[in-house]
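*Asks:* Here it is: the structure, laid out below.
The values are calculated or read from the model by the stated rules, or taken from the named source; none is laboratory data. Not measured: the values here are computed from a predicted model. Note that each Cβ is placed from the backbone with ideal geometry, even for glycine, and that neighbours are counted across all protein chains shown.
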Amino acid sequence: MQSPDVVGMTHQTGPSMPVVRFREPADACKRVAAEIAALIRQRAAESRRCVLGLATGSTPIRVYRELIRMHREERLSFFNVVTFNLDEYYPIKPESAQSYHRFMSEHFFNHIDIIRSNVHLPKGTVELENVSGYCRDYEELILRSGGIDLQILGIGRTGHIGFNEPGAKRDSRTRLVRLDTVTRNDAVKDFGDLDRVPLLAITMGVETILQARRIRLLAFGEHKARIVQQAIENRISSALPATFLRGHRDAQYLVDYDAAQCLPPSFFGTPLQ
Ligand code: PGA
């Protein structure tokens, strides 16, 4: 793995945010996977469970691939792991090709030894009148599991974390939300046609995410450069939900050079050897 650049710290409006820049997305993903594996093993040694907050999308796939490799080659067991996914389209059937249930099974859960009853994703099939109660139960389940130890995040081009789109409040909890048009357009690559992209989703709230003890946000590629810069430099507000992460005591961005290209070079200091 290449050494990452030294951590940059924001010095703009509001608290700082560590950003670690990697030459390749794969290096950043290996770093996060190694951190997760260390946490799982530490907890297993203490006979405790490890609660992970998981994300979908193209960004974290390599984290899951690396964890699967560690399971196969390094005997990393997920026996003590409990997972909560950030979000799911609504409505959607779990077996549907675009559902996050299916995504997580295919990219991760089918390949590891996790206990299926320890896996949680918001359900896209709950009756509309039961959704708010269902969302409260999801929150309750996270609390009863002891809270999320480490949350993986991506960032959407709207600045969303989970599906907390612009306008989402700092104290929001798991709930039904309307997807931003930019987000729906980005999902056309999966659904084939804008009309087929759901208008709604169930997502953990900003507050739910901020309660995770560690947060690791991954962003790769030129198309994320502008929003990464804004998330780090803009005023902290609902206009860009990812800015709320700057108040967290252990949140970190892991980015590649392309996603970091709008940040000033001085931000990163001297590369480590
Ligand atoms: P992506 O999505 O990983 O597919 O870029 C990130 C997000 O929308 O959070």
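*Asks:* Quickly run through the stretch 204-260 and pick out the residues that are among the aliphatic types (A, V, I, L, M), outside any loop (DSSP other than H, G, I, E, B), surrounded by fewer than 21 Cβ atoms within 10 Å (Cβ to Cβ) and more than 14 Å from the ligand (Cβ to nearest atom).
*Replies:* Once the filter is applied, which keeps residues that are among the aliphatic types (A, V, I, L, M), outside any loop (DSSP other than H, G, I, E, B), surrounded by fewer than 21 Cβ atoms within 10 Å (Cβ to Cβ) and more than 14 Å from the ligand (Cβ to nearest atom), the stretch 204-260 yields only Leu210.
*Asks:* Next question. Pairs needed: first member in the stretch 176-191, in a helix (DSSP H, G or I); second member anywhere, of a type in the set (D, E, K, R) and buried (at least 17 other Cβ atoms within 10 Å of the Cβ); C-beta distance under 8 Å; at least 6 residues apart or different chains.
*Replies:* Thr183/Glu165
*Asks:* Please determine whether any residue of the stretch 120-135 is within 16 Å of the ligand (Cβ to nearest atom), more than 13 Å from Thr83 (Cα to Cα) and not hydroxyl-bearing (Ser, Thr, Tyr). Quick ask: steps written out before the conclusion?
*Replies:* Within the stretch 120-135, the subset within 16 Å of the ligand (Cβ to nearest atom) is 121-122.
Restricting the remaining residues to those that are more than 13 Å from Thr83 (Cα to Cα) gives none.
Checked against the condition, which is being within 16 Å of the ligand (Cβ to nearest atom), more than 13 Å from Thr83 (Cα to Cα) and not hydroxyl-bearing (Ser, Thr, Tyr), the stretch 120-135 yields no hits at all.
*Asks:* OK, next. Ala201: within 18 Å of Tyr100 (Cβ to Cβ), crowded, with 18+ Cβ neighbours inside 10 Å and touching a residue at least 60 places away in the same chain (Cβ under 8 Å), yes or no? Reasoning before the result, please.
*Replies:* Working: within 18 Å of Tyr100 (Cβ to Cβ): yes; crowded, with 18+ Cβ neighbours inside 10 Å: yes; touching a residue at least 60 places away in the same chain (Cβ under 8 Å): yes.
Judged against the criteria, Ala201 is a match.
*Asks:* From the list His101, His160, exactly one residue is more than 16 Å from the ligand (Cβ to nearest atom), crowded, with 22+ Cβ neighbours inside 10 Å and either modelled with pLDDT of 95 or more or not hydroxyl-bearing (Ser, Thr, Tyr) (or both). Which is it? Quick ask: steps written out before the conclusion?
*Replies:* Working: His160 fails: more than 16 Å from the ligand (Cβ to nearest atom).
On inspection, the qualifying residue turns out to be His101.
*Asks:* Considering only the stretch 163-186, how many residues are among the β-branched types (Val, Ile, Thr), surrounded by fewer than 17 Cβ atoms within 10 Å (Cβ to Cβ) and either touching a strand residue (DSSP E or B) at 6+ places or on another chain (Cβ under 6 Å) or at positive phi (or both)? If you could, list the steps in order and put the result at the bottom.
*Replies:* Here is the first cut: in the stretch 163-186, the residues among the β-branched types (Val, Ile, Thr) are 174, 177, 181-183.
If we keep only those that are surrounded by fewer than 17 Cβ atoms within 10 Å (Cβ to Cβ) as well, we get 181-182.
Okay, now just the ones that are also either touching a strand residue (DSSP E or B) at 6+ places or on another chain (Cβ under 6 Å) or at positive phi (or both), so none.
Number satisfying all stated conditions: 0.
*Asks:* Here is a further query. Any chance you could count how many residues in the stretch 58-108 are in contact (Cβ under 8 Å) with a residue 60 or more places away in the chain and in contact with an Asp or Glu (Cβ under 7 Å, 6 or more places away or on another chain)?
*Replies:* Matching residues across the stretch 58-108 total 1.
*Asks:* What residue, among those in the stretch 192-203 that are out of contact with any strand residue (DSSP E or B) (no Cβ under 6 Å at 6 or more places or on another chain), assigned to a loop (DSSP other than H, G, I, E, B) and not aliphatic (A, V, I, L, M), is nearest to the ligand (Cβ to nearest atom)?
*Replies:* Gly192
*Asks:* Shifting gears a bit: Pull up the stretch 139-170, narrow it to residues that are assigned to a loop (DSSP other than H, G, I, E, B) and of a type in the set (S, T, N, Q), then point me to the one that is nearest to Arg48 (Cα to Cα).
*Replies:* At the first step, the residues of the stretch 139-170 found to be assigned to a loop (DSSP other than H, G, I, E, B) are 145-149, 154-160, 162-163, 165-170.
With of a type in the set (S, T, N, Q) added as a condition, the list becomes 145, 158.
Numbers: Ser145: 11, Thr158: 37 Å.
Checking each candidate, the answer is Ser145.
*Asks:* Among the residues of the stretch 136-157, which ones are within 13 Å of the ligand (Cβ to nearest atom) and surrounded by 21 or more Cβ atoms within 10 Å (Cβ to Cβ)?
*Replies:* Residues of the stretch 136-157 within 13 Å of the ligand (Cβ to nearest atom): 151-157.
Within the stretch 136-157, Gln151, Ile152, Leu153, Ile155, Gly156 meet the criteria.
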